[in-house]
1. Compute from the Cα atoms of the range 176-248 the Rg and the Dmax, the latter being the longest Cα-Cα distance, and quote both in angstrom.
2. Is any helix in the chain, taking whole DSSP H runs, at least 24 angstrom long along its axis by alpha carbon and on average at least -0.5 on the Kyte-Doolittle scale, and which ones?
3. Strictly over 23 Å apart at the Cα level, which of Lys193/Lys336; Lys193/Lys320; Lys58/Lys184; Lys58/Lys78 would you flag in this model?
4. Which log10 I(q)/I(0) values, to two decimals, does the chain give at q = 0.06, 0.08, 0.09, 0.10 Å⁻¹ under the Debye formula with one point per Cα?
5. With runs of 4+ DSSP H residues as the only contributors, calculate the mean residue ellipticity of the chain at 222 nm using -39,500 (n - 2.57) per run, divided by the residue total and rounded to the nearest 500.
6. If you wrap a convex hull around the alpha carbons of the range 176-317, what volume per residue comes out, as a whole number of Å³?
7. Provide the net charge surrounding Lys336, with neighbours chosen by a C-beta distance below 13 Å and charges set as Lys +1, Arg +1, Asp -1, Glu -1.
8. Give the peptides 309-319, 121-131, 237-247 in descending order of average Cβ contacts within 10 Å, highest first.
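The values are calculated or read from the model by the stated rules, or taken from the named source; none is laboratory data. Please read all numbers here as calculations on a predicted model, not as lab measurements. Cβ sites come from the backbone with ideal geometry, for glycine too, and all protein chains shown count toward neighbours. SASA here: full protein model, heavy atoms, side chains in, ligands and nucleic acids out. Shrake-Rupley method; radii C 1.70, N 1.55, O 1.52, S 1.80 Å.
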Amino acid sequence: MTNFRWPRLLLITLCFNVLAACTEQAPSTNSSQQADKNQSFEWKMVTTWPPGFPVLQKGAERFADNIRVMSNGRLNIKVYAGGELIPPLQTFEAVSQGSVEMGHGSAYYWAGKVPEAQFFSTVPFGMTARGMNAWLYDGGGLELWREIYKPFHVIPFPLGNTGVQMGGWFNKEINSLEDIKGLKMRIPGLGGKVLAKAGGNPILLAGSEVYTALERNTIDATEWIGPYHDQRLGLYRAAKHYYYPGWHEPGTVLELTINQRAWESLPTDLQAIISNAAQAENLRMLSEMEQKNMAALEQLRKREGIEIHRFPNEVLSRLKKLTNETLIEEAERDPKFKRVYDAYQNFRKKNDAWSAISENAYLAIE
Ligand code: CA
């Protein structure tokens, strides 16, 4: 018997190939899963939206359907609306703990836990969808967002955008800053803080309570989303003055969240399918929102009694100034908030300078 010895070069090549294969198949350490390309995954996604909620819940369901088709049934995601599996605002926690693999909502819902997360959904007088997509995909925003969520073992992706929202429904006209004083308005988050600084009285109400509160004059005003969702909620029957623009939510980003361990258990082709399906759905939800809002606006305009007003310049300028003060105060209090605020502002200044001579200049032509 000859003593067989592996040629040295072949041995090195073999080792290299094994290593390369492991590296390509990436973050997981579970090699048995990586080896089996036919393994299928049954995942759960929880959302913050009511069952059947148009555009947002429907978009999350379409995203899951697309992934099932593209993966040839290897990744099946069952989507649960808010309350069907867990309460809507426990979405982030559930994904973080891994009791579900995926969530859909918006980052400002977690402001109590992660205040700086608000920059990844929207802030008053912040960037519109165009600017947010540019920042997130190509301006370092997404990397920063992932770093912020990393301690929670959550990986975020942009998955939809509401576009510029409406300013809301008011039971009286807003002609000056005086009309804001004492105004009881349902407006969440930083927008509510800014309203309070202007002398208003922000009220927190779940979506399901908004219509009745406005109709019974428990509140004087409410914001919701845009013409399409506002019309569906029947808000035009509860107040007749409809104001624009939605200074408090100029382009709310919706987010897909994925549990880090679940993500790492996937082979790279399924990870690529998720990433690309998320980009596709991000565009699709924004497009659908724009189209539905323009159709609903036309209907609302034709409906007798609806008055659509722009907020007076005096009011918008004051709210903008108070927003800047609020953001600076939060940044001074919290270094993590400051870090994201600085990155956001840095990108935003350049985005504003470019928009001023591109889209804004073009749209300003009479
Ligand atoms: Ca809103």
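1. Every Cα atom of the range 176-248 included, Rg and Dmax give 11.6, 31 Å.
2. Working: long enough: 8-25 (26 Å, 1.26); 268-302 (51 Å, -0.47); 313-333 (30 Å, -0.85); 335-357 (34 Å, -1.23).
Correct list, ordered by number: 8-25, 268-302.
3. On the way: Lys193/Lys336 19 Å; Lys193/Lys320 12 Å; Lys58/Lys184 32 Å; Lys58/Lys78 13 Å.
Check vs 23 Å cut-off fails for Lys58/Lys184.
4. Debye curve over Cα of the chain, log10 I(q)/I(0) at q = 0.06, 0.08, 0.09, 0.10 Å⁻¹: -0.27, -0.46, -0.56, -0.68.
5. Details: 14 runs with 173 residues, N = 366.
Dividing the helical sum by the residues of the chain leaves -15000 deg cm²/dmol.
6. Working: hull volume 19.8 nm³, N = 142.
Here the figure is 140 Å³ per residue.
7. Working: positive: Lys113, Lys150, Arg333, Lys338, Arg339; negative: Glu116, Glu147, Glu330, Glu332, Asp334, Asp342.
Its environment carries a net charge of -1.
8. Working: 309-319: 15.5, 121-131: 22.7, 237-247: 18.7.
Packing order, densest peptide first, comes out as 121-131, 237-247, 309-319.
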